[in-house]
């Protein structure tokens, strides 16, 4: 067995080999292979692959497509060396006609079926955790040794053919003084979902109780923390459930595929593009993210609106 504290510094190919041998007793990959991209996994029959890719393209916030395999291909050369998608996630789920019918440590026993199936590798917010920590922001679920909290929302995704579902989000408690830093750290990391999609009252997304996540673990907020929500690749699992495909496989939420790609493709922004976070409502609590240039224009408009033209 391996001590979990050392996993964050191991290289991805080493971690994949350890996972492949079932030598880890942990429940998720949050905090592992710091600075490297992790991926959600959806595996479905080749007859559904084109429509699912269109669904991902139409909903690229929650489903940023990193790689699509050919039917029967178990590796992903553009993302990793020496990988086998049948064994390299901590845990998998099997779905039959929309129902989860099993949790699996390996998909090798389904190798014959997988010959006619296509694997989709989709971006994951675990990829941005190191960038967030480098900005001096705590990752509460890592501190608490828990999986990230994931919630179904009332926000519909764009439907394609038989693929339809509502958006799933992750929630991370962020100190109020660090909200802008969190937006800045993640906004350019589009393959890890980018900037938060909501900051504040979860009820505005249709989430009734933060202590009861639909996936993952409940994470405790500290005094002064604000709930911050990012789009989540588990949206793809909801789409698979609603599609009711005869057979499909996914990663188990939080048990990601770890790639060899570093999360360092950040574009240099002009000063006007830098995100700012502003509180726009106290009840319900709601913060908005705007660019510095947009904030300047809004302030100018507010000034003009306040001028009495009769004077």
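The values are calculated or read from the model by the stated rules, or taken from the named source; none is laboratory data. No experiment lies behind these values; they were computed from the predicted model shown. No Cβ is skipped: glycine too gets one built from the backbone with ideal geometry, and neighbour counts run over all protein chains shown.
Structural remarks
- Scope the stretch 163-185; condition surrounded by fewer than 19 Cβ atoms within 10 Å (Cβ to Cβ) and within 22 Å of residue 253 (Cα to Cα); matching residues: 164, 166
- The single residue among 121, 67 that is modelled with pLDDT of 95 or more, closer than 29 Å to residue 189 by Cβ and surrounded by 22 or more Cβ atoms within 10 Å (Cβ to Cβ) turns out to be 121.
- Taking the criterion of being part of a strand (DSSP E or B) and either under 17 Å from residue 285 (Cα atoms) or at pLDDT below 95 (or both), the residues of the stretch 167-185 that qualify are 171, 172, 173, 174, 175.
- Options 238, 188; residue that is under 16 Å from the mean Cα position of the chain (by Cα), surrounded by 15 or more Cβ atoms within 10 Å (Cβ to Cβ) and part of a helix (DSSP H, G or I): 238
- Scanning the stretch 18-54 for residues that are farther than 21 Å from residue 145 by Cβ and surrounded by fewer than 16 Cβ atoms within 10 Å (Cβ to Cβ) yields a count of 6.
- If you go through the stretch 203-217 and keep only what is farther than 24 Å from residue 40 by Cβ and surrounded by 16 or more Cβ atoms within 10 Å (Cβ to Cβ), you end up with just 204.
- Of all residues in the stretch 87-132, those that are assigned to a helix (DSSP H, G or I) and touching a residue at least 60 places away in the same chain (Cβ under 8 Å) total 10.
- Exactly one residue out of 28, 75 is out of contact with any helix residue (DSSP H, G or I) (no Cβ under 8 Å at 6 or more places or on another chain), modelled with pLDDT under 95 and in the same structural domain as residue 256 (by TED's automatic domain parsing), and it is 28.
- With respect to the conditions (1) over 22 Å from residue 152 (Cα atoms); (2) without any contact (Cβ under 8 Å) to a residue 24 or more places away in the chain, residue 209 falls short on a single one, namely (1).
- Residue check for residue 141: closer than 17 Å to residue 196 by Cβ and either in contact (Cβ under 8 Å) with a residue 12 or more places away in the chain or surrounded by 16 or more Cβ atoms within 10 Å (Cβ to Cβ) (or both): yes
- Residues satisfying the stated conditions in the stretch 254-273, i.e. touching a helix residue (DSSP H, G or I) at 6+ places or on another chain (Cβ under 7 Å) and either within 30 Å of residue 239 (Cα to Cα) or modelled with pLDDT of 85 or more (or both): 256, 258, 259, 260, 263
- Of the residues screened, residue 114 is one that is crowded, with 20+ Cβ neighbours inside 10 Å and assigned by TED's automatic domain parsing to the domain that holds residue 218.
- Among residues of the stretch 157-166, those that are outside any loop (DSSP other than H, G, I, E, B) and within 20 Å of residue 192 (Cα to Cα), counted: 1
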